[in-house]
1. With each run of n ≥ 4 DSSP H residues scored as -39500 (n - 2.57), what mean residue ellipticity at 222 nm is computed for the chain after dividing by its residue count and rounding to the nearest 500 deg cm²/dmol?
2. Could you give the size of the charge dipole of segment 17-98 about its Cα centre, using +1 on the Cβ of each K and R and -1 on the Cβ of each D and E, expressed in debye and rounded to the nearest 20?
3. With +1 on each Lys and Arg Cβ and -1 on each Asp and Glu Cβ, how big is the dipole of segment 163-291 about its Cα centre, in debye rounded to the nearest 20?
4. In the chain, with Lys and Arg counted as +1 and Asp and Glu as -1 at Cβ, which of these residues, ALA268, PRO17, PHE64, has the Cα nearest the positive end of the dipole, that is, farthest along it?
5. Summarise the accessible area of the chain (1.4 Å probe, protein heavy atoms) by the percent that is carbon and sulfur.
6. Is there a quick way to get the dipole size of the chain? I mean about its Cα centre, with the Cβ of Lys and Arg at +1 and of Asp and Glu at -1; what is the value in debye to the nearest 20?
7. Taking the full set of protein chains and a 1.4 angstrom probe, give the accessible area of PHE19 in square angstrom, rounded to the nearest 10.
8. Students often get this wrong, so try it: which of [x] 35, 24, 17; [y] 33, 29, 22; [z] 27, 25, 22 is semi-axes √(5λ) of the Cα gyration tensor in Å as calculated from the structure shown?
Amino acid sequence: MSLQPTAPAVKYDILSPAFFADPYPTLRRMREEDPVFWHPLLKSWVLTRYADIQRVLRDSKSEFSNSKVEQYGLGAPESVRDKLEVFNTFVSSWVAFMDPPNHTRLRALIAKAFTVQAVERLRPRIQHAVDDLLAAVRRRGRMDVVADFAAQLPMIVFSELMGIPREDGERLREDALTVMSLFGAGIASADNVESAYRGVMSYYEYFNAHIAARRSRSTEDLLSKLVEARVDGVGMTDTELVAMCVTLFLASQETTLYMVANAVNTLARHPEQAQRLREEPRLIDGALEELMRYDSPTFGTFRRAVVAITDLPGARSPRATMC
């Protein structure tokens, strides 16, 4: 009889469905007992104290890095190394995975294009889309908040914002699944890399066509503004523009879906607060801020320590990932 290797025991099972169903008791225990916890499967330090998290996220000493590209595709066979390099080049162009000065440069270019005025111009069209989604379920007399509303609205808004057809949403979602599959693959197989590569190439094909169209004829959408944006006379490269389109797409879809679903779920579990909102609609802005704080659509973030960290008790390993 052969013995199968077992995964190392983990004190806090923060990868299980049970944890994600109700994470807060475990997180409270971690804050009290192990606020800087080494997770052997994630190979990362998990921070749960507010002060420690702020220390990492607001790092001003260049001790932490957003760049995590080298963590993806670990163990991939030599036969797909060229395709993995294409994937890594693409992902390294995402502003979320950049450090200054490149991050600062791209943020400045985004700020020139993504203005409050540009978003405000969309308000009537977004309101119309919301009204249409609600009218459809009102006729049926019942509603699946996720399928009928939260999953559809982000694509509608993204297409209006970027000036692309709504019907292309399914293709963009499928490409997202193939690209993102490599992020959670652990030890990557050739199939993982091949799939992610196909998604990247599909994104290049799709958005490069729209970028070329905007270079020929500018419109009033955000994509045109991104193409035209300049800081000190320099704009984004085509690779950066495609990466920015993909970043905006990914950021707009899942987070908005979860925000809406979590907010409705929270109000359903606290009907007195839902009733108060109905009676005092002026409270909605503050309520949205509190709902996002109370049950956030994003659960955690990652940084990579690039030097030995000595002021977080227990986390003194150089180049360890913090999550």
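1. Value at 222 nm, helices only: -18000 deg cm²/dmol.
2. Details: 11 positive and 11 negative charges, 45 e Å.
Magnitude of the dipole: close to 220 debye.
3. Details: 13 positive and 21 negative charges, 38 e Å.
Dipole magnitude for segment 163-291 comes out near 180 debye.
4. It is PHE64.
5. 56
6. Computed charge dipole of the chain: roughly 480 debye.
7. Surface open to solvent at PHE19 totals about 10 Å².
8. [y]
The values are calculated or read from the model by the stated rules, or taken from the named source; none is laboratory data. Bear in mind that the values here come from a model prediction, so they are computed numbers and not experimental data. Quick reminder, even Gly has a Cβ in these numbers, built from the backbone with ideal geometry, and neighbours come from all protein chains shown. Side chains are part of the model used for accessible areas, which takes the heavy atoms of the whole protein and leaves out ligands, DNA and RNA. Shrake-Rupley method; radii C 1.70, N 1.55, O 1.52, S 1.80 Å.
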